[in-house]
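Asks: Following this message is one structure expressed as structure tokens.
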Amino acid sequence: MRMCFGLAKKGAGSVAPNPMVGCVVLDKCGNIVSKGYHKKYGQSHAERDALLKLKNNEAEGGTLYVNLEPCSHYGKTPPCVDLIIEHKLKRVVIGMKDVNPEVDGISKLKTAGIEVDYVLEDEARFLNRRFIKTMTQKLPYVVLKTAATMDGKIAARTGSSKWITSENSRALVYEMRKEFDCILTSSNTVIADNPSMSQTKWRCILDKNLRTDKNSKIYSQGNIYAATKYNTPLKDGELDLKSVFKTLYELGIYSVFVECGGTLAGTLLKTGLIDEIYQFTAPKILNDNSGLSCFNGDNITEISQAKILKIYEVNYLDPDILIKAQVSSS
Ligand code: AOF
Ligand code: ZN
């Protein structure tokens, strides 16, 4: 199954909104006879890619490993279960059940007399966390980036913020952006920093009152969606952020990288719209309570009210550190 995960990851960046899927086929003696993966959106699924490479009946009586339940529907490609049955596999081992309601592959396999087992389900779900969110919620997967001092400040009280993290960390942010369909930022950030944010296909600016100058660099980078009070419903006098993400999803944006100040970051966190946080921390301490905080969206009195995250990766980027964490949904 871990080999399937490795194969699946080769499709990263070219299969969204579909899942990353890898497949390994063993003959009845347990030898690997074929491998495959889903390479590009709309093209062959992993199981088809692996099974069509077989010449004879090499897989008969064997086992097929795949990190997602094989499909049973006619989508852009025919059902993988039919091909698995045709190749007379004895057993199929899957990582996770498909969350796509059109898919009912497990029962089709069982009806055909094929054994079905699960293995490494948590890892399989983690690998395809973006697919799970977009398929079940029809919203893009949202990652928020922050860059702060060790006391959690993103700028001095004057707004001075250049630079907190090192040049290497900032170069890494440019690379990270490429893993997303869209960068989302606020009118405040556009006005203060005039960023170009050119690494993604789309840019989204939250600009309720049309405050940004149309000559700002971000407007000359291609696709842009500005959410304003004229095209977005308001909630408590502010742009309804969930509605903005729904619109982005409808535009074909399945992943969003948020880069903004503490107010928007705090509001997004409070409203449960962030799936992950990438937090860069520089070995600096501002030591001023009036410095601007990376999250400034709530009035909290009890530590038990703090948002709980799950850290899944820590990188030391000398001199900074980068923490990647999932925000729990509760
Ligand atoms: C993939 N790759 O390897 C597997 C998928 O429109 P289609 O025919 O490509 O079907 C897409 C759905 O098929 C997808 O949402 C998922 O539920 C299922 N399995 N999809 O893109 C694969 N095994
Ligand atoms: Zn399939």
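Asks: For the stretch 65-94, which residues satisfy the criterion of being in contact (Cβ under 8 Å) with a residue 60 or more places away in the chain and within 11 Å of ligand 1 (Cβ to nearest atom)?
Replies: Answer for the stretch 65-94, where residues must be in contact (Cβ under 8 Å) with a residue 60 or more places away in the chain and within 11 Å of ligand 1 (Cβ to nearest atom): VAL66, ASN67, LEU68.
Asks: Being among the hydrophobic types (A, V, I, L, M, F, W, C) and either assigned to a loop (DSSP other than H, G, I, E, B) or over 26 Å from ILE132 (Cα atoms) (or both) is the filter here; which residues of the stretch 240-259 pass it?
Replies: LEU251, ILE253
Residues are listed down the side, and each one gets a yes or a no for (1) over 27 Å from the mean Cα position of the chain (by Cα); (2) at pLDDT 95 or above; (3) hydrophobic (A, V, I, L, M, F, W, C):
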{"position": "GLU60", "(1), (2), (3)": "yes, yes, no"}
{"position": "LEU83", "(1), (2), (3)": "yes, yes, yes"}
{"position": "HIS87", "(1), (2), (3)": "yes, yes, no"}
{"position": "VAL92", "(1), (2), (3)": "yes, yes, yes"}
{"position": "GLU102", "(1), (2), (3)": "no, yes, no"}
{"position": "LEU109", "(1), (2), (3)": "yes, yes, yes"}
{"position": "ALA112", "(1), (2), (3)": "yes, yes, yes"}
{"position": "PHE131", "(1), (2), (3)": "no, yes, yes"}
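Every residue, every condition in (1) within 30 Å of ALA171 (Cα to Cα); (2) modelled with pLDDT of 95 or more; (3) in a helix (DSSP H, G or I), yes or no:
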residue: ILE224; (1), (2), (3): yes, yes, no
residue: LYS229; (1), (2), (3): no, yes, no
residue: ALA265; (1), (2), (3): yes, yes, yes
residue: ILE274; (1), (2), (3): yes, yes, no
residue: PHE280; (1), (2), (3): yes, yes, no
residue: ASP288; (1), (2), (3): yes, yes, no
residue: ILE311; (1), (2), (3): yes, yes, no
residue: ASN315; (1), (2), (3): yes, yes, no
residue: SER330; (1), (2), (3): no, no, no
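Asks: Run MET197 past the list (1) within 21 Å of ILE277 (Cα to Cα); (2) surrounded by fewer than 18 Cβ atoms within 10 Å (Cβ to Cβ) and report the number of the one that doesn't hold.
Replies: Here MET197 meets the rest and fails (2).
Asks: Only one of (1) crowded, with 23+ Cβ neighbours inside 10 Å; (2) over 21 Å from TYR141 (Cβ atoms); (3) touching a helix residue (DSSP H, G or I) at 6+ places or on another chain (Cβ under 8 Å) is not met by ALA8, so which one is it?
Replies: All conditions pass for ALA8, except number (2).
Asks: Of the conditions (1) within 13 Å of ligand 2 (Cβ to nearest atom); (2) under 23 Å from GLU121 (Cα atoms), PRO78 fails just one. Which one is it?
Replies: (2)
Asks: Pick from the stretch 292-322 the residues that are of a type outside the set (A, V, I, L, M) and under 18 Å from LEU264 (Cβ atoms): which of them is surrounded by the fewest Cβ atoms within 10 Å (Cβ to Cβ)? Please lay out each step first, then the result.
Replies: Taking the stretch 292-322 as the starting set, the residues that turn out to be of a type outside the set (A, V, I, L, M) are 293-299, 301-302, 304-305, 307, 310, 312-313, 315-316, 318-320.
Now narrow it down to the ones that are under 18 Å from LEU264 (Cβ atoms): 293-299, 307.
Working: SER293: 20, CYS294: 24, PHE295: 22, ASN296: 15, GLY297: 16, ASP298: 12, ASN299: 5, LYS307: 15.
That would be ASN299.
Asks: Among (1) buried (at least 17 other Cβ atoms within 10 Å of the Cβ); (2) part of a helix (DSSP H, G or I); (3) in contact with an Asp or Glu (Cβ under 8 Å, 6 or more places away or on another chain), there is one condition ILE191 misses while meeting the rest; what is its number?
Replies: (1)
Asks: Can you tell me which residue is surrounded by the most Cβ atoms within 10 Å (Cβ to Cβ) among those in the stretch 104-136 that are of a type outside the set (A, V, I, L, M) and farther than 18 Å from MET20 by Cα? Write out each step before concluding.
Replies: Step one: of the stretch 104-136, the residues of a type outside the set (A, V, I, L, M) are 104-105, 107-108, 110-111, 113, 115, 117-118, 121-123, 125-126, 128-131, 133-134, 136.
Filter again for farther than 18 Å from MET20 by Cα, leaving 104, 107-108, 110-111, 113, 115, 117.
Details: ASP104: 17, SER107: 11, LYS108: 21, LYS110: 12, THR111: 10, GLY113: 9, GLU115: 12, ASP117: 10.
Step by step, filter the stretch 104-136, then rank; the result is LYS108.
Asks: Would you check if VAL25 is away from ligand 1 (no atom under 13 Å from the Cβ), free of Cβ contacts under 8 Å to residues at least 40 places away in the same chain, surrounded by 14 or more Cβ atoms within 10 Å (Cβ to Cβ) and not in a loop (DSSP other than H, G, I, E, B)?
Replies: no
Asks: What's the total number of residues in the stretch 28-60 that are more than 9 Å from ligand 1 (Cβ to nearest atom), touching a strand residue (DSSP E or B) at 6+ places or on another chain (Cβ under 9 Å) and in a loop (DSSP other than H, G, I, E, B)?
Replies: Total satisfying the criteria: 7.
Asks: Same structure, new question: Mind telling me which of the residues LEU139, LEU89 ends up being assigned to a loop (DSSP other than H, G, I, E, B) and touching a helix residue (DSSP H, G or I) at 6+ places or on another chain (Cβ under 6 Å)? It would help to see each step written out before you state the result.
Replies: On the way: LEU89 fails: touching a helix residue (DSSP H, G or I) at 6+ places or on another chain (Cβ under 6 Å).
Unique residue meeting the criteria: LEU139.
The values are calculated or read from the model by the stated rules, or taken from the named source; none is laboratory data. The model shown is predicted, which means the values in this text are computed figures rather than measured ones. A quick note on method: Cβ atoms are made from the backbone with ideal geometry, for glycine too, and the neighbour counts reach across all protein chains shown.
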